[in-house]
Amino acid sequence: MKKFFQKLGKSMLVSIVAMPIAGLLLRISADDLLNIPILGAAGNAIFGNLDLLFGIGIVMGFVKEKDKGLPVLTLVAGLLTFKEGLKIINESVNMGVFAGITIGLLSAWTYDKFKNTKLPNIFAFFSGNKFPIIMIMLLSTLAAVVFGNIWPYLQDILNKFTITISSLGAIGVAIYAFFNRLLIPTGLHHVLNTYIYFEMGEFTNKAGEVVRGEIPAFIAGDPGAGFFLSQFFVIMMFGIPAIAYAIYRTSKKDQKESTKGLMYSGALTSFISGITEPIEFSFMFSSPFLYFLHAVFTGLVGAICYLLNIRIGFSFGSGIIDYILNFQLADGAWKVIPLGIAVFIVYYLVFYNYIIRKDVKLIGRMDTEKQDFSEQDIEYESKNKLKNKDYYYVAKTMLKAFGGKDNIEDAYNCITRLRVTVKNPDIVDEQLIKNTGAIGIYKPTDDQFQVVIGTEVANVASEFEKLL
């Protein structure tokens, strides 16, 4: 089950890739900025078809096939069939992105199950990897009948859940924000975010169109959307940089320079784009208590933002770019700055003092031993480090560490991690992986490895895939 949700979270990330530019286009095309309708239409083309995007992401993440062309076509055929079938069974049913997720999972299973089907010669054209397209249309029709009858009840439960969370006010926001951070090590926070971001609640814009979820509703001008997003601006722009600064300040003299570079780049990434994992992964396993405290702080900040009536949303991440773009559309956005300064101070003091008093072995505080290195070892290390941007060499070394391509069952990347599933975990050389300059390694299961690299992961993953 854990492995399934890991793949599900990764697949959703694939879908989200298309959303940043769409959100920016929607924002800058608004009346209070450029007022260019065609740019808004481009953004709406994405947010109006989130079910298709999520379905494609699911198929790309789950299908055991290197060429994803026909699997994606299978998904498209299935989703179109499913949506038309729902209109016949119950026109009021609106499954949103869950339609894409459901048919995406069904399409992935159908493709892997029937891709090698052999038919009589007269039907040979439809054999093999084309046969799943036929099967998914039949299965999607059946799914439309099932969901058309049961979804109204599920939809009622989801609506009550939304009302419950909304009615909890500051407590509801705090609960969501806490679990959003706490689930990051497993990657399951993406599953939680999908509902909050793209399904919770609904709003009818000036054109009479109904939009769902905190992100689309905020961009569409919903005065009640954004409360579940505001705390992330405070955490990403101030909290994470404070953690980075505390780690740097507590580092040992002989390790300060290398720590400074890593912490500076991680803090800057969080401040600009809202991507926090490079910093969070630098301490979450060395000190689980500090990471738990970080999750608690995020929940508390969420409650405070709600009580201060801070309402601001984002299209990609809660960094400075989205803060500036969405400032005019928000309520109380200026309060993010003074609250952020206060949060920076609290984060820094708590992390600094805890690291010093408990002698937490973070980056920059590792015990070092004097060793004799040969010229060959020095050359190997210098070539092998990520900071030298020799991505091919890093990928080649990692492949060797994972036991070679024959030991790789699956490999892909998310925003900051290379995720590898192996056949035999006993032959994996974790120390060799760390020698490449990776931030850390997380193992959700015995055969799954998540190598935390940072924003350069796409370059490493590209070279890694070529070697496979």
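Data table
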| read-out | value |
| --- | --- |
| Flag for Ile240 being over 28 Å from Ile157 (Cα atoms) and either open to solvent by 40 Å² or more (accessible area, probe 1.4 Å) or outside the structural domain of Ile157 (by the TED database) (or both) | yes |
| Residue within the stretch 367-375 that is at pLDDT below 95 and under 29 Å from the mean Cα position of the chain (by Cα) present | no |
| Answer residue from the stretch 343-363, given it is open to solvent by 20 Å² or more (accessible area, probe 1.4 Å) and among the β-branched types (Val, Ile, Thr) and is modelled with the lowest pLDDT among those | Ile363 |
| Residue check, Ser258 open to solvent by 30 Å² or more (accessible area, probe 1.4 Å), at pLDDT below 90 and part of a helix (DSSP H, G or I) | yes |
| Subset of the stretch 420-458 (residues that are among the basic types (Lys, Arg) and under 14 Å from Glu409 (Cα atoms)) | Lys423 |
| Selection within the stretch 78-101 - modelled with pLDDT of 85 or more, open to solvent by 40 Å² or more (accessible area, probe 1.4 Å) and under 17 Å from Ser11 (Cβ atoms) | none |
| Enumeration of residues in the stretch 50-65 that are open to solvent by 10 Å² or more (accessible area, probe 1.4 Å), within 23 Å of Arg212 (Cα to Cα) and modelled with pLDDT of 85 or more | Asp51, Leu52, Leu53, Ile56 |
| Test: residue in the stretch 262-273 that is in contact with a strand residue (DSSP E or B) (Cβ under 6 Å, 6 or more places away or on another chain), surrounded by 16 or more Cβ atoms within 10 Å (Cβ to Cβ) and at pLDDT 85 or above | no |
| Residue list for the stretch 164-175, restricted to those being at pLDDT below 90 and open to solvent by less than 30 Å² (accessible area, probe 1.4 Å) | Ile165, Gly169 |
| Qualifying residue in the stretch 190-205 (condition: outside the structural domain of Asn94 (by the TED database), surrounded by fewer than 16 Cβ atoms within 10 Å (Cβ to Cβ), free of Cβ contacts under 8 Å to residues at least 24 places away in the same chain and under 30 Å from Asn35 (Cβ atoms)) | yes |
| Residue list for the stretch 208-233, filter: under 16 Å from Leu307 (Cα atoms) and open to solvent by less than 40 Å² (accessible area, probe 1.4 Å) | Ala225, Gly226, Phe227, Phe228, Leu229, Ser230, Gln231, Phe232, Phe233 |
| From Pro120, Pro132, Pro37, residue being open to solvent by less than 20 Å² (accessible area, probe 1.4 Å) and modelled with pLDDT under 95 | Pro132 |
| Single unsatisfied condition, Gly403 versus (1) at pLDDT below 90; (2) part of a loop (DSSP other than H, G, I, E, B); (3) open to solvent by less than 50 Å² (accessible area, probe 1.4 Å) | (1) |
| Odd one out for Ile304 among (1) open to solvent by 60 Å² or more (accessible area, probe 1.4 Å); (2) more than 30 Å from Gly100 (Cβ to Cβ); (3) touching a strand residue (DSSP E or B) at 6+ places or on another chain (Cβ under 8 Å) | (3) |
| Test: residue in the stretch 324-342 that is open to solvent by 70 Å² or more (accessible area, probe 1.4 Å), over 26 Å from the mean Cα position of the chain (by Cα) and closer than 29 Å to Ser282 by Cα | yes |
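The values are calculated or read from the model by the stated rules, or taken from the named source; none is laboratory data. Values in this document were obtained by computation on a predicted structure and should not be read as measured data. Cβ atoms come from the backbone with ideal geometry, glycine included; neighbour counts cover every protein chain shown. Ligands, DNA and RNA are stripped out before the accessible areas are found, and what is left, the full protein with its side chains, is counted by its heavy atoms. Shrake-Rupley method; radii C 1.70, N 1.55, O 1.52, S 1.80 Å.
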